[in-house]
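Let me begin by presenting the structure, written as structure tokens, before commenting on it.
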Amino acid sequence: VPVEKIAYFFSENKLSFAVTTDQKRFPMDQPLDELIEVLDPQIFFRANRQFIVTFQSIAEIHPYFKGRIKLNLTPATTEEVVISAERTPEFKSWIDQ
């Protein structure tokens, strides 16, 4: 799968998946911890333990409780994607680049 087609990566039941912009899911051999080490930090951001997102996958950004941020992704996901208060400044600087 070309990197340009990946919307985000997520982890579920100890398995990692790549989700493409056309809503296809592909299982990955590596955990998210290993993936984030080889992905371009200009394009990919580790939102939390479950998600690595791309700028293009972010449909909406909402303020959330206690200084956190909630993301709505496209393609949509059933899981909530919340960025911790500690990572929020890093996320804001990444999104502003």
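Annotations
- Check on ILE61, touching a helix residue (DSSP H, G or I) at 6+ places or on another chain (Cβ under 7 Å) and assigned to a strand (DSSP E or B): no
- Counted residues, segment 77-94 - those being open to solvent by less than 90 Å² (accessible area, probe 1.4 Å) and either modelled with pLDDT of 95 or more or small (Gly, Ala, Ser) (or both): 11
- Of residues in segment 47-63 being without any contact (Cβ under 8 Å) to a residue 40 or more places away in the chain and buried (at least 16 other Cβ atoms within 10 Å of the Cβ), the one farthest from ARG25 (Cα to Cα): ASN48
- Those residues of segment 18-31 which are open to solvent by less than 10 Å² (accessible area, probe 1.4 Å) and of a type outside the set (Gly, Ala, Ser), in sequence order: VAL19, THR20
- In segment 80-96, the residues that are within 20 Å of ASP40 (Cβ to Cβ) form Cβ pairs under 8 Å with partners that are open to solvent by 40 Å² or more (accessible area, probe 1.4 Å) and part of a helix (DSSP H, G or I), at six or more places apart or across chains, as follows: ILE95/PHE55.
- A single member of LYS70, LYS66 is open to solvent by 60 Å² or more (accessible area, probe 1.4 Å) and either over 24 Å from GLN30 (Cβ atoms) or not in a loop (DSSP other than H, G, I, E, B) (or both), and it is LYS66.
The values are calculated or read from the model by the stated rules, or taken from the named source; none is laboratory data. Because the structure is predicted, anything quoted here is derived from the model rather than measured. Cβ sites come from the backbone with ideal geometry, for glycine too, and all protein chains shown count toward neighbours. The protein model used for the area step is the full one, side chains on, heavy atoms only, and it has no ligands, DNA or RNA in it. Shrake-Rupley method; radii C 1.70, N 1.55, O 1.52, S 1.80 Å.
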